[in-house]
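The values are calculated or read from the model by the stated rules, or taken from the named source; none is laboratory data. Predicted model, so just to flag it, every value in this text is computed and none were measured. Quick reminder, even Gly has a Cβ in these numbers, built from the backbone with ideal geometry, and neighbours come from all protein chains shown.
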Amino acid sequence: MKDEMTTPRSLLQKISLFAAGSSYLSAVVTLYVLHQMVGEVGMEHVYSAALLATCIFFLGAGAVLQIIGTANLPDLSLPRDP
């Protein structure tokens, strides 16, 4: 059911949703690389900490971009007089 107050998503919101999806995908890839790295060097290595921090960054950025992309923004453009 579509609400009358909703406006269609702008191009920037669609780009934001795409960037959110790619950010989540990057977080999954980073977790996979972290899993492989832990088997080689262990969790105490500095690379493991950097990969975990990168994964947390990608998850946070994805959440913010998803909120921006799904927000119901009002139309703030000025009406044009004929």
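Here are the numbers for the structure shown:
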read-out	value
Tabulated pairs, the stretch 9-27, first on the phi < 0 side of the Ramachandran plot, second assigned to a loop (DSSP other than H, G, I, E, B) and surrounded by 12 or more Cβ atoms within 10 Å (Cβ to Cβ), C-beta under 8 angstrom, 6+ apart or interchain	10/73; 13/73; 17/9
Residue within the stretch 23-44 that is within 30 Å of residue 76 (Cβ to Cβ), in contact with a helix residue (DSSP H, G or I) (Cβ under 7 Å, 6 or more places away or on another chain) and modelled with pLDDT of 95 or more present	yes
Selection count, the stretch 30-39, where residues are loosely packed, with under 13 Cβ neighbours inside 10 Å and not aromatic (Phe, Trp, Tyr)	3
Tally, over the stretch 40-82, of residues that are among the charged types (D, E, K, R) and surrounded by 13 or more Cβ atoms within 10 Å (Cβ to Cβ)	0
First in the stretch 54-73 and over 19 Å from residue 11 (Cβ atoms), second anywhere and polar (S, T, N, Q) and assigned to a helix (DSSP H, G or I), Cβ under 8 Å, 6 or more apart	54/30; 55/30; 58/23; 58/26; 58/30; 59/23; 61/23; 62/23
